[in-house]
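J.: Please find one structure pasted underneath; my questions will follow.
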Amino acid sequence: MENILELKEVSKIYFAGGEELAALKQVSLQVQKGESLAIIGKSGSGKSTLMHILATLDRPTSGELLLDGKPTSKLGQDDLDRLRNEKFGFVFQQFFVNPRDNCLDNVIMPLVIRGVAADKRKKLGLEILETVGLTDRIKNRANDLSGGQKQRLCIARALIANPSVIFADEPTGNLDSENGQLVIGLLFKLQKEQGITLIMVTHDHDLSAMCNRSIKIKDGQIVGGNQ
Amino acid sequence: MRAMDILQTAQTNMLHAKLRSSLTVIAVFIGALTISLTNGVGNGVKSYVNKQLGNVGIKDTLIVQAKQDRGAAFTGDIKEYNPDKQVGQFNIILMSSTDSTKMKTFTGVKDVTPQLVVQVAYITAGDKKFEMTANQYVDGLNLELAAGQLLGSGSKDGILLPVAYVTPLGFASAGEAVGKKVTLGFTNALGKIVETEATVVGVQQKSLLSAGGVSISRTLAATINAQQGGAQPQMKDKYLAFTVTYDPSFSTKQVTALKKQFDAAGYKAQTIEDQLGTVNSIINSILIALNLFGAIALLAASFGIVNTLLMAVNERTREIGLMKALGAHRRNIFAIFALEAVGIGFWGALLGVLVSMGIGTAFSNYASSAFLKDFVGFKLLTFPLLPSVEIMLLIMGIAFVAGALPSLKASRLDPIDALRYE
Ligand SMILES: Nc1ncnc2c1ncn2[C@@H]1O[C@H](COP(=O)(O)OP(=O)(O)OP(=O)(O)O)[C@@H](O)[C@H]1O
Ligand SMILES: [Mg+2]
């Protein structure tokens with residue numbers, strides 16, 4: 001299997017209040033196409049930082065991120081923006097939705113950014129909302145949805161751009177177990193059916209056990225997991 | 001992102017904070033209203049002045065006066081007595097036929113006619129006498145007439161009566177007055193009141209050229225002058241001004257050269273356009289002063305825009321972060337916020353211009369029927385399309401500049417910081 005993402009000795013150092021803080025230390029990692037990978041570890045261990053670097057939201061202080069075997073450090077901001085828009089989908093813990101916009105407008109955001117024509121993105125939006133079971137909420141403001149519904153909306157938004165990788169940072173962290181199951185079921189279904197690579201940050205050991213592979217982070221280093 | 005979507009997002013954002021946006025729009029509106037009204041007055045007055053200018057009728061004519069030096073009383077600079085210096089009342093420097101002979105030698109000068117100073121005490125068409133000022137008619141001057149015709153150069157006792165005299169003198173209408181005889185009374189050199197007859201050839205509307213007085217023919221002016229100043233030895237052959245006609249084929253450059261020649265010889269030569277141009281430049285400076293108020297209002301509004309947008313950026317930090325995470329370019333984010341600022345400018349300016357058009361036109365119509373009634377064709381405020389569009393573009397430009405800083409701030413937000421932002 002080829003690697004879709006690869007980290008080579010990546011470090012991330014934050015400078016805060018005159019002190020250096022190494023959030024990641026010489027991390028090397030390979031992510032295969034179509035696999036599901038869980039990143040686990042204590043709070044503050046560097047999980048989110050790792051995910052942000054994998055997703056090109058953040059640049060490493062040293063080391064290199066390769067995408068489909070190609071280094072990304074030479075890419076300009078415009079290329080990175082385009083890459084994220086076309087290849088990546090995001091699901092965050094705090095259900096980042098635009099509360100005042102309706103569900104359809106929220107879900108088509110990546111397509112608006114990509115510059116897809118209005119009628120086409122609407123059609124895709126309606127399809128994807130059906131996939132996550134929100135067809136009856138199309139015109140509702142995102143703010144009026146329950147937590148579980150909001151997270152399904154975020155998954156729909158992550159899916160609409162037809163991504164190769166979905167990044168999920170504690171996607172069930174703010175959900176009750178029932179809604180959590182629903183969201184997780186949906187993510188794994190997509191990963192299996194559409195061959196999407198799933199990279200998930202989680203505290204939940206049951207959840208990490210469901211992934212093909214998990215890595216454990218401690219103090220900015222990979223200290224194990226089940227490879 | 002598509003331009004349409006950027007515009008749409010900007011507008012949606014503006015509408016999401018209705019109260020805040022509308023307050024800022026009001027601030028812009030006040031500035032736009034002030035500027036648009038001021039320019040409305042400017043356009044109205046200037047278009048009237050220019051209409052008059054285009055209509056002056058006399059071409060190739062200069063009005064020439066002696067250059068005045070300010071007396072010792074003003075400057076404290078005591079000058080030696082000069083018997084050749086010809087001075088009249090209030091030490092105004094006068095000219096004589098020596099001057100006119102000299103002027104005739106200037107290249108291109110065709111004819112030099114003295115403008116006589118006459119003082120008429122009253123005018124009457126029967127029992128009642130009314131005060132009046134008389135001006136010697138400059139041949140060809142195209143005064144606007146309510147009835148009758150202009151004075152020909154051969155006119156003997158013709159006058160052009162201002163329309164305001166029609167009713168007091170007992171004529172039923174302007175048309176009725178034409179051809180009627182009136183009597184002018186003046187004080188002669190011996191201090192006695194003398195009367196002379198005149199014929200109403202035309203009735204003039206009030207305009208910038210008419211200056212309110214009764215225009216009298218050259219012959220009539222000469223008759224009266226001969227018995228007034230002309231009869232006094234010290235005022236004989238003394239003139240305040242000459243009208244000088246020059247070669248009609250002269251180019252603007254040649255006219256300028258001719259004026260310079262007069263200037264070098266100690267005269268001040270002006271075309272009627274120059275004289276009206278002075279009016280224009282006075283109007284312009286008044287307008288600039290008034291526009292300053294508008295500019296101050298707009299400056300205040302600009303800070304309103306900066307403030308509004310900073311609040312909007314703060315409020316939407318997460319949204320911006322999300323958009324950037326999902327692949328929006330920096331310039332997209334900048335454009336969304338900059339367009340929101342321009343949108344505020346647009347609505348404020350549009351409202352300001354429209355309301356000023358409403359108020360201005362209503363007031364202008366009232367003025368035309370009230371205190372500007374006699375100035376036929378004078379619209380105090382006019383709002384041509386182009387200047388109004390220019391005002392709107394200017395204000396939108398100012399709004400853009402005001403919005404640039406907050407927009408830049410938004411475009412520079414780090415998506416991670418923005419997403420962590422609570
Ligand atoms: N912008 C920043 N400036 C300074 N330090 C930062 C910054 N971002 C993260 N850190 C630090 O880097 C370390 C790793 O943070 P990170 O968010 O990756 O942890 P995490 O494993 O995701 O924790 P959690 O489970 O609580 O989300 C922490 O010590 C954090 O304080
Ligand atoms: Mg985290």
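J.: Apply the Karplus curve 6.51 cos²θ - 1.76 cosθ + 1.60, θ = phi - 60°, to the phi angles in segment B:184-191 and return the couplings in whole Hz, x for Gly and Pro.
T.: Each residue's phi maps through the Karplus curve to give 10, x, 9, 8, 8, 4, 8, x Hz.
J.: Roughly what % of DSSP beta bridges within the protein assembly as shown run antiparallel, to the nearest 5?
T.: 70
J.: Choose one of B:204, B:175, B:136: the residue whose Cα lies farthest towards the positive end of the charge dipole of segment B:117-238 (beta-carbon charges +1 Lys, Arg; -1 Asp, Glu; about the Cα centre).
T.: So the residue we want is B:136.
J.: What angle, in degrees between 0 and 90 and rounded to the nearest 10, separates the Cα long axis of helix A:177-194 from the longest principal axis of the Cα atoms of chain A?
T.: 80
J.: Ranked by Cβ crowding within 10 angstrom, fewest neighbours first, how are B:107, B:24 ordered?
T.: Least to most surrounded, the residues fall as B:107, B:24.
J.: Here is a follow-up. So who's got an amide H within less than 5 Å of the one on residue A:4, skipping anything under 5 residues away but keeping other chains? H placed 1.01 Å off N, in plane.
T.: Answer set, sorted by chain and number: A:31, A:32, A:33.
J.: Now a separate question. Starting from the Cα of residue B:8, step 7 Å along the direction of its Cβ; do the same at residue B:187; then give the gap between the two resulting points in nm.
T.: My value for the distance between the label points is 8.5 nm.
J.: Stretch residue B:280-residue B:51 to full length: gain in nm at 0.36 nm per residue minus the Cα-Cα span?
T.: 81.2 nm
J.: On a full-extension model of 0.36 nm per residue, what is the gain between residue A:86 and residue A:66, subtracting their alpha-carbon distance, rounded to one decimal in nm?
T.: In short, 5.6 nm is gained.
J.: Give me B:48, B:246 sorted ascending by neighbouring Cβ count inside 10 Å, so fewest comes first.
T.: In order of increasing Cβ crowding within 10 Å: B:48, B:246.
J.: Continuing with this model, one more query. Can you give me the Cα centroid spacing of segment A:1-55 and segment B:118-162 in angstrom?
T.: One Cα centre to the other: 99 Å.
J.: Tell me the angle of helix A:118-131 to the major Cα principal axis of chain A, expressed in degrees between 0 and 90 and rounded to the nearest ten.
T.: Approximately 80 degrees, to the nearest ten.
J.: Moving on. With a point put 7 Å past each Cα toward its Cβ, work out how far residue A:77 is from residue B:180 in nm, to one decimal.
T.: Taking the simple label geometry, residue A:77 and residue B:180 are separated by 8.3 nm.
J.: Could you list which residues have their amide H under 5 Å from that of residue B:111, counting only those 5 or more apart in sequence or on another chain, with H placed in the peptide plane?
T.: B:245
J.: Further question: Between residue B:58 and residue B:293, what length comes free when the chain is fully extended (0.36 nm per residue of separation minus the Cα-Cα distance, one decimal in nm)?
T.: Length gained, residue B:58 through residue B:293: 80.7 nm.
J.: Would any residue of segment B:390-411 have its amide N under 13 Å from a label point 7 Å out along Cα→Cβ of residue B:361? List them or say none.
T.: The answer is none, because no backbone nitrogen lies closer than 13 Å to the label point.
J.: Near the amide H of residue A:168, under 5 Å away, which other amide H atoms are found, from residues 5 or more places off or on another chain, if H is placed in the peptide plane?
T.: Result for residue A:168 returns A:91, A:199, A:200, A:201.
J.: Only Cα pairs within less than 10 Å get springs; with that Gaussian network setup on chain B, which residue of B:179, B:348, B:230 has the largest fluctuation?
T.: Comparing B:179, B:348, B:230 in a Gaussian network model of chain B, the most mobile one is B:179.
J.: Apply the Karplus parameterisation 6.51 cos²θ - 1.76 cosθ + 1.60, with θ equal to phi minus 60°, to every residue of segment A:36-47 and state each ³J(HN,Hα) to the nearest whole Hz, in sequence, with x for glycine and proline.
T.: Values, residue by residue: 10, 10, 9, 10, 10, x, 5, 5, x, 6, x, 4 Hz.
J.: What pairs from B:104/B:379; B:260/B:373; B:128/B:268; B:51/B:129; B:128/B:156 go past 32 Å between their alpha carbons?
T.: Pairs exceeding the cut-off: B:104/B:379; B:260/B:373; B:128/B:268; B:51/B:129.
J.: Work out from phi, with θ = phi - 60° and the Karplus expression 6.51 cos²θ - 1.76 cosθ + 1.60, the ³J(HN,Hα) of each residue of segment B:346-356, listed in order in whole Hz, and give x for Gly and Pro.
T.: Values per residue, Gly and Pro as x: 4, 5, x, 5, 4, 4, x, 5, 5, 5, 5 Hz.
J.: For residue A:70, list the aspartates and glutamates whose Cα falls under 15 Å from its own Cα; do not include residues on the same chain fewer than 8 positions away.
T.: Once the sequence-local aspartates and glutamates are set aside, what remains near residue A:70 is A:2, A:6, A:79.
The numbers here are math on the coordinates, done by the rules we state, and not lab data. Quick caveat: nothing in here was measured; it's all calculated off a predicted structure. In this analysis, Cβ positions are derived from the backbone assuming ideal geometry, glycine residues included, and neighbour counts consider all displayed protein chains.
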